[in-house]
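The values are calculated or read from the model by the stated rules, or taken from the named source; none is laboratory data. Here the structure is a predicted model, which means the values were calculated and not measured. Cβ: placed from backbone, ideal geometry, glycine included. Neighbour counts: every protein chain shown. In case anyone asks, the SASA skips ligands and DNA or RNA and just uses the protein heavy atoms, side chains included. Shrake-Rupley method; radii C 1.70, N 1.55, O 1.52, S 1.80 Å.
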Amino acid sequence: MPVIDLSGTDRLLVERAARIRMLVLDVDGVLTDGRLYFDNQGNEMKSFSTRDGLGLRALQSQGLVLAFITGRKSEIVAQRAAQLGVTHVYQGRDDKLNAFNELLSDTGMDEQNTCYAGDDWIDIPVLDRVGLAVTVADADDVVKNRVHWVTRRSGGNGAVREICDLILASQDLDQSVLDGILNQ
């Protein structure tokens, strides 16, 4: 019996999610709330959801590839990627399509087996190419109108976990992940 109920989910969305082998995420606005925080010394701070992190680790445990593509460059992003074991990290990349093409070359993955989540106009070129294009609840309306699915939660507040759960459940992997956690 599945852990995550997909009974009310669009069948075509579930079919798209069932083919995903790689999840690629924008950082600011998807993994974070999109706001930039600086202390008095000019040090940048970001807030990440631990639930998103658990979802990403669950995907990895099932053999899915993870990647980050972000327009900004930040040591905090490198640290978070290292904590999660994400080895494909493309920072300071305003041309996200170029970075995405490099990622496909680096991994040998196919764009139709890739899910990309982004929240703003800079993400549209990649969203238009992937097998499953996703955005977050608080994304720009132009982006919302171009994707296959909009999460219920906003960026930095569990949206990535929703994406992970959709992929796991669509591939009938959710029970296996839960069993692995319970049998530790």
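What the table below lists for this structure:
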quantity: Conditions (1) touching a Gly at 6+ places or on another chain (Cβ under 9 Å); (2) open to solvent by less than 50 Å² (accessible area, probe 1.4 Å); (3) under 19 Å from residue 19 (Cβ atoms); (4) in a helix (DSSP H, G or I); number of the one not met by residue 60; calculated: (2)
quantity: Residue selected from region 114-136 under the condition open to solvent by 50 Å² or more (accessible area, probe 1.4 Å) and in a helix (DSSP H, G or I), by the criterion farthest from residue 27 (Cα to Cα); calculated: 125
quantity: Matching residues in region 41-56 - criterion: being charged (D, E, K, R) and not in a loop (DSSP other than H, G, I, E, B); calculated: 44, 51, 52
quantity: Those residues of region 79-88 which are under 16 Å from residue 52 (Cβ atoms) and not in a helix (DSSP H, G or I), in sequence order; calculated: 85, 86
quantity: Residue in region 145-170 that is farthest from residue 3 (Cα to Cα), counting only those that are buried (at least 24 other Cβ atoms within 10 Å of the Cβ) and not β-branched (Val, Ile, Thr); calculated: 155
quantity: Some residue of region 21-40 being part of a helix (DSSP H, G or I), open to solvent by 50 Å² or more (accessible area, probe 1.4 Å), under 24 Å from residue 175 (Cα atoms) and touching a residue at least 40 places away in the same chain (Cβ under 8 Å); calculated: no
quantity: Region 77-104, residues that are of a type in the set (Val, Ile, Thr), open to solvent by 40 Å² or more (accessible area, probe 1.4 Å) and touching a Phe, Trp or Tyr at 6+ places or on another chain (Cβ under 9 Å); calculated: 89
quantity: Pair list, Cβ < 6 Å and 6+ apart or interchain, from region 145-171 residues that are farther than 15 Å from residue 8 by Cβ and of a type in the set (Gly, Ala, Ser) to residues that are open to solvent by 40 Å² or more (accessible area, probe 1.4 Å) and not in a loop (DSSP other than H, G, I, E, B); calculated: 158/51
